[in-house]
Amino acid sequence: MSLDSKQLLSIAQEFGTPVYVYDGDEIVKRYNELYEFITWPKLKIHYAMKANYNFRALKALNKARSGIDAVSPGDVMLALKAGFTPDRIIYTANNVTDEEVRQVKSTGVLMNIGSLSRLEKFGKEFPGSEVCIRFNPDVVDGSHAKIMTGGDLTKFGVLLKDVDKVKAIAEKYDLKVVGLHEHTGSGLQHTESVFKSMENLMAIATPENFPELRFLDFGGGFKVPYEPGEHRVDYIEMGTEITRLFTEYCKKYGRELEMYFEPGKYIVAESGYLLVEVNTIKDNNGRYIVGCNSGFPQLIRPMFYDAYHHIVNLSNPHGKKASYDVCGNICETGDRFAEQRELPEIREGDILSLENAGAYCYAMGGHYNLRPMPPEVFVINGKPELARRGLTAEELVNLITGESK
Ligand code: LLP
């Protein structure tokens, strides 16, 4: 982990708990690293901002010249505010409304369209436009069934076999297909899936089918280790193969196209921590139940995907080990960050750090039980700054009643 226990404890003391902490230097490092793995000179990384839309993180990535994968008008608005120019943003939303399409189109951001019916409507309203088409890569992978995006069971993308239908609609409305896209899933378990999806997309991305291509976008999904001892994918090896496959493809296509990837997790997951404080300990006939001052609406991944988040007892690292259920403060039995987790003795008042909390943690948060989301602290050059304050319970209530000014 990139921030040490001493730093985290002092942040907990200064800003209170619960609190989200991000290491900004780690985020930029992870982003830059991708260019070392994949050496194709026309590589462009579009950060999937759904993973973490912290404004400081976005600004840091904009400064590093990243692009953005946006999934809603709100995403686009925020990315523009962070300084991303429309030419560096791709809009890959699904099941969109006409109104939403108009709103995003008017910003000049490129639309990535993943259904024949939307393509038809888009063509009718905006003939002659540039467009990107999202295909379903027909490869099934991901760290949980809920986040696999390829294959017949998902709602995403146009089936590869419908490529002629895409061409017909594009021709009818004089649409210029400048990019093709696929995304296989999040937390891809096998590097072969990345290669297979690339090959499936490249097979239809011929100059005969799509003569005006500028780029192919192979989505995100790069896995990061969450559990101690879990191996880190050899990204140098994977990147080398990606570059090789794409070089071969471009030779056949007849031009050097741009290659896009749009990772979220890889860039931000490991930068984040949720610091919580223990306030209750129960001994249920030998089963230790720990209660802390946060809960699943503030970090839902364990409850939602059975995801593992490593926990460190910052304030008692050398305590005698025992097994604990680490629970939150929400009125549901499943409100657990960890079950029967071996940890150094936990005492009331201890500060626990939930690690790898940079991706899809704050971003998936909510106010269930009317507990406001925690503040977010952003550490840059080793210096912590408040990036976003939390609402007070009163402010939250005023939003609900309409009394907020
Ligand atoms: N591109 C598209 C079209 C996507 O749908 C996604 C993620 C990404 C890129 C970025 O994937 P990543 O590199 O972050 O794996 N909430 C889940 C993950 C949901 C991913 C949704 N789409 C989780 O907490 O594991």
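The values are calculated or read from the model by the stated rules, or taken from the named source; none is laboratory data. In this text the structure is predicted, and so the values were computed from the model without any measurement. Neighbour counts are summed over all protein chains in view; Cβ atoms, including those assigned to glycine, are modelled from backbone coordinates with ideal geometry.
Which residues, taken from region 274-314, are assigned to a loop (DSSP other than H, G, I, E, B) and within 16 Å of the ligand (Cβ to nearest atom)?
Narrowing region 274-314 to residues assigned to a loop (DSSP other than H, G, I, E, B): 285-286, 293-300, 306-310, 314.
Of everything in region 274-314, those that are assigned to a loop (DSSP other than H, G, I, E, B) and within 16 Å of the ligand (Cβ to nearest atom) turn out to be Phe296, Pro297, Gln298, Leu299, Ile300, Asp306, Ala307, Tyr308, His309, His310.
For residues in region 233-273 being part of a loop (DSSP other than H, G, I, E, B) and either away from the ligand (no atom under 16 Å from the Cβ) or modelled with pLDDT under 95 (or both), which is nearest to the chain's Cα centre (by Cα)?
Step one: of region 233-273, the residues part of a loop (DSSP other than H, G, I, E, B) are 233-234, 254-257, 262-264.
Retained after the next criterion (residues that are either away from the ligand (no atom under 16 Å from the Cβ) or modelled with pLDDT under 95 (or both)): 234, 254-257.
Numbers: Asp234: 20, Gly254: 33, Arg255: 31, Glu256: 28, Leu257: 25 Å.
The residue in question is Asp234.
Among the strands (runs of 3 or more DSSP E) contained in region 19-107, which hold 1 or more residues that are of a type in the set (Asp, Glu) and buried (at least 20 other Cβ atoms within 10 Å of the Cβ)? Can you show your working first?
Working: elements: 19-23, 43-48, 67-70, 89-91.
Where strands (runs of 3 or more DSSP E) fall fully within region 19-107 and carry at least 1 residues being of a type in the set (Asp, Glu) and buried (at least 20 other Cβ atoms within 10 Å of the Cβ), they are 19-23, 67-70.
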(message) Of everything in region 142-172, what is touching a Ser or Thr at 6+ places or on another chain (Cβ under 7 Å) and within 16 Å of Ser117 (Cα to Cα)? Give them in sequence order.
(response) Phe156, Val158
(request) Being surrounded by fewer than 20 Cβ atoms within 10 Å (Cβ to Cβ) and either within 16 Å of the ligand (Cβ to nearest atom) or in a loop (DSSP other than H, G, I, E, B) (or both) is the filter here, so list the residues in region 174-194 that pass it. (result) Asp174, Gln189, His190, Thr191
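Going through Asp87, Asp138 one at a time, which residue ends up being within 14 Å of Gly219 (Cα to Cα), assigned by TED's automatic domain parsing to the domain that holds Leu216, of a type in the set (D, E, K, R) and touching a residue at least 12 places away in the same chain (Cβ under 8 Å)? Steps first, please.
Details: Asp87 fails: within 14 Å of Gly219 (Cα to Cα).
After applying the criteria, what remains is Asp138.
Any residue at all in region 15-36 that is charged (D, E, K, R), without any contact (Cβ under 8 Å) to a residue 60 or more places away in the chain and within 16 Å of the ligand (Cβ to nearest atom)? Spell out how you get there, then give the answer.
Step one: filter region 15-36 for residues charged (D, E, K, R), giving 23, 25-26, 29-30, 33, 36.
Those left that are additionally without any contact (Cβ under 8 Å) to a residue 60 or more places away in the chain: 29.
Next, only the ones that are within 16 Å of the ligand (Cβ to nearest atom) stay: none.
No: region 15-36 contains no residue that is charged (D, E, K, R), without any contact (Cβ under 8 Å) to a residue 60 or more places away in the chain and within 16 Å of the ligand (Cβ to nearest atom).
Would you check if there is a residue in region 39-51 being within 16 Å of the chain's Cα centre (by Cα), aromatic (Phe, Trp, Tyr) and under 29 Å from Glu130 (Cβ atoms)? Can you show your working first?
So the first thing to find is which residues in region 39-51 are within 16 Å of the chain's Cα centre (by Cα), and the list is 45-51.
Adding the requirement that they be aromatic (Phe, Trp, Tyr) leaves 47.
With the extra rule that they be under 29 Å from Glu130 (Cβ atoms), the set shrinks to 47.
Looking for residues that are within 16 Å of the chain's Cα centre (by Cα), aromatic (Phe, Trp, Tyr) and under 29 Å from Glu130 (Cβ atoms), one finds at least one in region 39-51, hence yes.
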(message) Quick check on my filter: what residues within region 128-162 are crowded, with 21+ Cβ neighbours inside 10 Å, part of a loop (DSSP other than H, G, I, E, B) and hydrophobic (A, V, I, L, M, F, W, C)?
(response) Val139, Phe156
(request) Out of Glu262, Glu277, Glu237, report the one residue that is among the charged types (D, E, K, R), under 29 Å from Val19 (Cβ atoms) and in contact with a helix residue (DSSP H, G or I) (Cβ under 9 Å, 6 or more places away or on another chain). (result) Glu277
(request) Tell me which of these Glu342 doesn't satisfy, since it passes every other one: (1) loosely packed, with under 15 Cβ neighbours inside 10 Å; (2) within 16 Å of the ligand (Cβ to nearest atom). (result) (2)
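Has region 259-279 got any residue that is surrounded by fewer than 18 Cβ atoms within 10 Å (Cβ to Cβ), assigned by TED's automatic domain parsing to the domain that holds Glu348 and under 30 Å from Gly349 (Cβ atoms)? Even if it seems obvious, please write down each step before you answer.
Looking only at region 259-279, we keep the residues that are surrounded by fewer than 18 Cβ atoms within 10 Å (Cβ to Cβ), and these are 279.
Next, only the ones that are assigned by TED's automatic domain parsing to the domain that holds Glu348 stay: 279.
Adding the requirement that they be under 30 Å from Gly349 (Cβ atoms) leaves 279.
Yes: region 259-279 contains one or more residues that are surrounded by fewer than 18 Cβ atoms within 10 Å (Cβ to Cβ), assigned by TED's automatic domain parsing to the domain that holds Glu348 and under 30 Å from Gly349 (Cβ atoms).
If you scan region 21-49, which residues turn out to be basic (Lys, Arg) and farther than 23 Å from Asp75 by Cβ? Steps first, please.
The initial filter retains those residues of region 21-49 that are basic (Lys, Arg), namely 29-30, 42, 44.
Lys29, Lys42, listed by residue number.
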(message) So the check is Cβ under 7 Å with 6+ separation or different chains; which pairs have a first residue in region 229-240 that's free of Cβ contacts under 8 Å to residues at least 12 places away in the same chain and a second one that's of a type outside the set (D, E, K, R)?
(response) His231/Pro225; Arg232/Pro225
(request) Pairs only if they're at least six apart or on different chains, beta carbon under 9 angstrom, first in region 342-357 and assigned by TED's automatic domain parsing to the domain that holds Pro228, second among the small types (Gly, Ala, Ser) and modelled with pLDDT under 95; list them, first residue then second. (result) none
(request) Mind listing whichever residues of region 345-387 are within 16 Å of the ligand (Cβ to nearest atom), out of contact with any helix residue (DSSP H, G or I) (no Cβ under 9 Å at 6 or more places or on another chain) and part of a loop (DSSP other than H, G, I, E, B)? (result) Gly365, Gly366
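Go through region 151-173 and report how many residues are free of Cβ contacts under 8 Å to residues at least 24 places away in the same chain and away from the ligand (no atom under 12 Å from the Cβ). Walk me through how you get there before you give the answer.
Of all residues in region 151-173, those free of Cβ contacts under 8 Å to residues at least 24 places away in the same chain come to 151-154, 161, 164, 168, 171.
Going one step further and asking which of them are away from the ligand (no atom under 12 Å from the Cβ), we end up with 151-153, 161, 164, 168, 171.
Result for region 151-173: 7.
Assigned by TED's automatic domain parsing to the domain that holds Thr184, closer than 14 Å to Thr184 by Cβ and not small (Gly, Ala, Ser), is that true of Asp217?
On the way: assigned by TED's automatic domain parsing to the domain that holds Thr184: yes; closer than 14 Å to Thr184 by Cβ: yes; not small (Gly, Ala, Ser): yes.
In short, yes.
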